[in-house]
1. Does residue 54 fit the bill of being at pLDDT below 90, more than 11 Å from the chain's Cα centre (by Cα) and either closer than 15 Å to residue 121 by Cβ or surrounded by fewer than 13 Cβ atoms within 10 Å (Cβ to Cβ) (or both)?
2. Kindly indicate which of 60, 79 is modelled with pLDDT under 90 and surrounded by fewer than 16 Cβ atoms within 10 Å (Cβ to Cβ).
3. I'd like to check which helices (runs of 4 or more DSSP H) are fully inside region 71-143 and have at least 2 residues that are within 28 Å of residue 35 (Cα to Cα).
4. Would you confirm whether any residue within region 39-49 is under 19 Å from the mean Cα position of the chain (by Cα) and either over 30 Å from residue 8 (Cα atoms) or surrounded by 14 or more Cβ atoms within 10 Å (Cβ to Cβ) (or both)?
5. If only one of 104, 70, 88 is loosely packed, with under 12 Cβ neighbours inside 10 Å and either within 12 Å of the chain's Cα centre (by Cα) or modelled with pLDDT of 90 or more (or both), which one is it?
6. Exactly one condition in (1) in contact (Cβ under 8 Å) with a residue 60 or more places away in the chain; (2) in a helix (DSSP H, G or I); (3) farther than 18 Å from residue 134 by Cα is false for residue 28; which is it?
7. Of all the residues that make up region 111-135, how many are over 16 Å from the mean Cα position of the chain (by Cα) and surrounded by 14 or more Cβ atoms within 10 Å (Cβ to Cβ)?
């Protein structure tokens, strides 16, 4: 196996593992913690069923964005703290864009949901960053 194919395998394996962590943490948030909150404040906006195809595309693209804008700069700096800050900021800017656009364009969008969503995505991205750090370290060291 060449060096390039080993790097690609490491990237793919890291991506798969962190996707599972990211999706798992967010599902716990959505189903156990925020379900009642969203139902209370967003019931007029929620679909009766989750569109899993759209959700999986979103998660896939979001994690690729995290890799490009946070992981690769972290590798260059060799600092998990730098990565954590970039990930939290990525969560902040992406969800501030989403939630503030909703606040600007949707009728009766609750302001508390805007702040909760933005804070949650900062926490989620920062937490997943720490997991990613150890997953990448393990995979790149042993694969």
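1. It is false that residue 54 is at pLDDT below 90, more than 11 Å from the chain's Cα centre (by Cα) and either closer than 15 Å to residue 121 by Cβ or surrounded by fewer than 13 Cβ atoms within 10 Å (Cβ to Cβ) (or both).
2. Criteria check complete, one pass: 79.
3. 80-105, 111-142
4. No, region 39-49 contains no residue that is under 19 Å from the mean Cα position of the chain (by Cα) and either over 30 Å from residue 8 (Cα atoms) or surrounded by 14 or more Cβ atoms within 10 Å (Cβ to Cβ) (or both).
5. None of the other options fit; the residue is 104.
6. Going through the list (1) in contact (Cβ under 8 Å) with a residue 60 or more places away in the chain; (2) in a helix (DSSP H, G or I); (3) farther than 18 Å from residue 134 by Cα, residue 28 breaks only (1).
7. Number satisfying all stated conditions: 2.
The values are calculated or read from the model by the stated rules, or taken from the named source; none is laboratory data. Because the structure is a prediction, the values reported are computed rather than measured. Cβ coordinates were reconstructed from backbone atoms using ideal geometry, including for glycine residues, and neighbour counts include every protein chain displayed.
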